[in-house]
Amino acid sequence: MAKVVLENIRKSFGSLDVIKGIDLAVEDGEFCVFVGPSGCGKSTLLRMISGLETSSDGRMLIGDRDVTHAEPSQRGIAMVFQSYALYPHLTVRDNIGFGLSLAGRPKAEIAAKVEKTAETLQLTHLLDRKPKALSGGQRQRVAIGRAIIRDPKVFLFDEPLSNLDAALRSQMRMELTDLHARLGATMIYVTHDQVEAMTMADKIVVLNAGRVEQVGSPMELYNRPASPFVAGFIGSPKMNLYEGAIAAAEGCTTYGIRPEHLSMSTSEGKWKGTIRHIERLGADTVLYLDQPDLMSIVVRVPGDAELALRQEIFVTPVPGKEHRF
Amino acid sequence: MTRRQFYTGVISLAVAGVIFILPFVFVLLTAVKTKQDAALLTFSWPVEWHFLDNLTEVLRTRNYMLLLAYFNSTVITVCSVTLLVLFGAMVGYVLQRRPSGWNKVIYAFVLAGLMIPPAVVPTIWILQSVGLFKTLTGMVFIQVAYGLAFSVLLFRSFIATIPRDLDEAAIIDGAKPWQIFFRVILPLLKPVTVTVIVVQSISIFNDFTNPLYYLPGRENVTVQLTLYNFQGQFQTQFNLLFMNILLVTIPPLIVFVFFNRQIVAGMTAGAVKG
Ligand SMILES: Nc1ncnc2c1ncn2[C@@H]1O[C@H](COP(=O)(O)OP(=O)(O)OP(=O)(O)O)[C@@H](O)[C@H]1O
Ligand SMILES: [Mg+2]
């Protein structure tokens, strides 16, 4: 078990700066999620922690040991790839035991450990199959098994669920959370899916263009986003963000209000708008309003609200829930 | 299948049959004829079947030279192909996976090896000066040198289809570079390795000119050279000459018949990703 500390970590590919100085501490046993838009450097940062990518500058500690220049296998980490990266020519058993067999451990010890790992992941009946003959979820579990058996101090995941369908994804989310609780290991998890970030993380690190935008617990980021970027990134549907005259009227440069923090009325309110589009999600309904000053407002109302297209309604921000940047 | 497709199919099969099968049948028939019968060189059914007689006669010629030739050819083929697979895969792997300034230079040499025709006389000088002229070892090196460029290209394009994630997963599992190569990459190269083995072993086994230039000497004879050596002697014994041809053709033919599906699979596997 170990704490991961990054001090002023930088990475450039030639003249392209991808990671522009990151300071971060991931506490022992924490589930830390890196989120950010595509191309912001999440994978690169994770690969730098794994040692697959060298750092151009800065210092990195895992469990109080300086690993800035250490080999990946010396860092006490294990990584689960987005593509699973299972060895196609080996059975599940050999895939899971590959690391131990490389290290030249005795056969009996490997067999016992593989057996035990397979049990925790309910893979026992699949041990003699090749990866080709497994479903996506099963491959995912094998990849996780290969990570667990190394008994790492830190687990690294790079978008491990993005190849799965929605139902399986939510099931695997729960399994991963359980696994984290059971192993108590530090986990660093990369995703661009803010739902995964919100549901699994102890700590979310929002990255934007190679910099840390904000670090905090899911609810901290939701309630007190430090910048319009974070405000727009966390929460679904996205927060309404306005600049210019409207923001100036509110005494700030960017004014934000979440769709769920607007109360709706048919008779009176702060802004009057026409319903342009209705999305019925069942429990909720999301409305897209046309409004002369704000251009567009997104509002979230209860699912059973009786509304029609082109209807005019009024919306008012819930006091204390507005964000001014 | 439409009628037209059917007829074009039949016609192309017939043409292929005439071009490829008929000569072989002719060789087969003449090889089992008697001396007089064969001398006529007609496409006719043998009057008497002398398969075993002719076979033993050819084998016995010049003190079992053909057996020695088989031995030499096999040694050369097996050693060269082993080295070709090993070096081809290794060089292909490094070229594909480790981008460095040297890659361009190495790649240029590989392409040059494919395009520039070998110069015989200087090669013989070099072989003589390092003492490998007229040795099987020297011949193996020559075959490896001539075949390496093709093998490297084939392996390289195949390795490009193996996801890099596998290498990285192995690195994280604690594999050293040679372990990544031998335990992860090499086993995945099976289809293209079969291709290289079959294509190269046939071409090396069938090679006539290179052994002729670089491997003179009675004790160094290879299978294809026996034909050349026996030619004078068998001038009047076409049945034996054709028996010799038959014996020389059969091993590569067997290899080809058994492996031709894998050859195509390995050749095209690198072409399209996925
Ligand atoms: N080996 C490399 N050479 C040059 N540029 C690279 C290399 N690897 C990544 N980059 C660049 O670094 C930037 C960050 O890439 P990275 O893969 O970390 O993004 P990401 O946040 O993981 O995005 P995604 O969500 O799409 O996976 C991208 O602009 C990418 O083009
Ligand atoms: Mg990525």
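For the reader, a short list of remarks on this structure follows.
Residues are listed down the side, and each one gets a yes or a no for (1) touching a helix residue (DSSP H, G or I) at 6+ places or on another chain (Cβ under 6 Å); (2) over 29 Å from B:ASN54 (Cβ atoms); (3) among the acidic types (Asp, Glu):
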| site | (1), (2), (3) |
| --- | --- |
| B:ILE197 | yes, yes, no |
| B:SER201 | yes, no, no |
| B:LEU215 | yes, no, no |
| B:GLN231 | no, no, no |
| B:ASN239 | yes, no, no |
| B:LEU246 | yes, no, no |
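- Only one of the numbered conditions (1) in contact (Cβ under 8 Å) with a residue 24 or more places away in the chain; (2) more than 16 Å from ligand 2 (Cβ to nearest atom) is violated by A:ALA70, and that is (1).
- Just one of (1) among the small types (Gly, Ala, Ser); (2) outside any strand (DSSP E or B); (3) surrounded by 14 or more Cβ atoms within 10 Å (Cβ to Cβ) fails for A:GLY273. It is (2).
- Answer from A:VAL299, A:VAL286 - the residue that is farther than 30 Å from A:PHE31 by Cβ and either of a type outside the set (A, V, I, L, M, F, W, C) or not in a loop (DSSP other than H, G, I, E, B) (or both): A:VAL299
- Some residue of region A:78-85 being hydroxyl-bearing (Ser, Thr, Tyr), within 7 Å of another protein chain (Cβ to nearest Cβ) and open to solvent by less than 10 Å² (accessible area, probe 1.4 Å): no
- All positions within region A:91-116 that are among the β-branched types (Val, Ile, Thr) and either without any contact (Cβ under 8 Å) to a residue 12 or more places away in the chain or more than 14 Å from chain B (Cβ to nearest Cβ) (or both): A:VAL92
Yes or no, residue by residue, for (1) in the same structural domain as A:ARG173 (by TED's automatic domain parsing); (2) within 12 Å of ligand 1 (Cβ to nearest atom); (3) open to solvent by less than 10 Å² (accessible area, probe 1.4 Å); (4) touching a Lys or Arg at 6+ places or on another chain (Cβ under 6 Å):
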{"position": "A:ASP28", "(1), (2), (3), (4)": "yes, no, no, yes"}
{"position": "A:CYS32", "(1), (2), (3), (4)": "yes, no, yes, yes"}
{"position": "A:PRO37", "(1), (2), (3), (4)": "yes, yes, no, no"}
{"position": "A:LEU46", "(1), (2), (3), (4)": "yes, yes, yes, no"}
{"position": "A:SER50", "(1), (2), (3), (4)": "yes, no, yes, no"}
{"position": "A:MET60", "(1), (2), (3), (4)": "yes, no, yes, no"}
{"position": "A:VAL67", "(1), (2), (3), (4)": "yes, no, yes, yes"}
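- Subset of region A:152-174 (residues that are more than 16 Å from ligand 2 (Cβ to nearest atom), within 13 Å of chain B (Cβ to nearest Cβ) and modelled with pLDDT under 90): none
- Among the candidates A:VAL142, A:VAL195, A:VAL154, residue that is surrounded by 19 or more Cβ atoms within 10 Å (Cβ to Cβ) and within 17 Å of A:VAL33 (Cβ to Cβ): A:VAL154
- Within region A:122-134, the set of residues being under 20 Å from A:LEU168 (Cα atoms) and either modelled with pLDDT under 90 or open to solvent by 70 Å² or more (accessible area, probe 1.4 Å) (or both) comprises A:GLN122, A:HIS125, A:LYS132.
- Filter result for the condition that a residue is of a type in the set (A, V, I, L, M, F, W, C), at pLDDT 90 or above and closer than 30 Å to B:PRO177 by Cα, over B:VAL130, B:VAL91: B:VAL91
- A residue that is open to solvent by 50 Å² or more (accessible area, probe 1.4 Å), closer than 20 Å to A:LEU46 by Cα and within 16 Å of ligand 1 (Cβ to nearest atom) cannot be found anywhere in region A:215-237.
- Within this structure, A:SER83 passes the test of being part of a loop (DSSP other than H, G, I, E, B) and of a type in the set (S, T, N, Q).
- Restricting region A:86-117 to residues that are surrounded by fewer than 22 Cβ atoms within 10 Å (Cβ to Cβ) and of a type in the set (A, V, I, L, M, F, W, C), the residue that is farthest from the chain's Cα centre (by Cα): A:ALA108
- The requirement of being within 12 Å of chain B (Cβ to nearest Cβ), touching a residue at least 12 places away in the same chain (Cβ under 8 Å) and within 13 Å of ligand 2 (Cβ to nearest atom) is not satisfied by A:PHE34.
- Residue check for B:GLN96: in a helix (DSSP H, G or I) and in contact with an Asp or Glu (Cβ under 8 Å, 6 or more places away or on another chain): no
- Taken together, the residues in region A:13-24 that are over 22 Å from A:PHE81 (Cα atoms) and either near ligand 1 (Cβ under 6 Å from one of its atoms) or within 17 Å of the chain's Cα centre (by Cα) (or both) amount to 2.
The rows are residues; the columns are (1) free of Cβ contacts under 8 Å to residues at least 12 places away in the same chain; (2) over 30 Å from B:VAL199 (Cβ atoms).
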{"residue": "B:ASP37", "(1), (2)": "no, yes"}
{"residue": "B:LEU40", "(1), (2)": "yes, yes"}
{"residue": "B:HIS50", "(1), (2)": "no, yes"}
{"residue": "B:VAL81", "(1), (2)": "no, no"}
{"residue": "B:LEU84", "(1), (2)": "no, no"}
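- Index of the failed condition, A:THR54 passing every other in (1) farther than 22 Å from A:GLN122 by Cβ; (2) within 16 Å of ligand 2 (Cβ to nearest atom): (2)
- Annotation note: of A:GLY97, A:GLY104, the sole residue that is small (Gly, Ala, Ser) and under 12 Å from A:ARG150 (Cα atoms) is A:GLY97.
- Counting only helices (runs of 4 or more DSSP H) that sit wholly inside region B:111-223, those with at least 1 residues that are more than 14 Å from chain A (Cβ to nearest Cβ) and crowded, with 17+ Cβ neighbours inside 10 Å are B:120-129, B:136-159, B:190-205, B:209-214.
- Condition check for A:SER15 on (1) more than 14 Å from chain B (Cβ to nearest Cβ); (2) open to solvent by 40 Å² or more (accessible area, probe 1.4 Å); (3) within 12 Å of ligand 2 (Cβ to nearest atom): one failure, at (3).
The values are calculated or read from the model by the stated rules, or taken from the named source; none is laboratory data. This structure is a prediction, so every number in the text was calculated from the model and none was measured. Quick reminder, even Gly has a Cβ in these numbers, built from the backbone with ideal geometry, and neighbours come from all protein chains shown. For accessibility, only protein heavy atoms count, side chains too; no ligands or nucleic acids. Shrake-Rupley method; radii C 1.70, N 1.55, O 1.52, S 1.80 Å.
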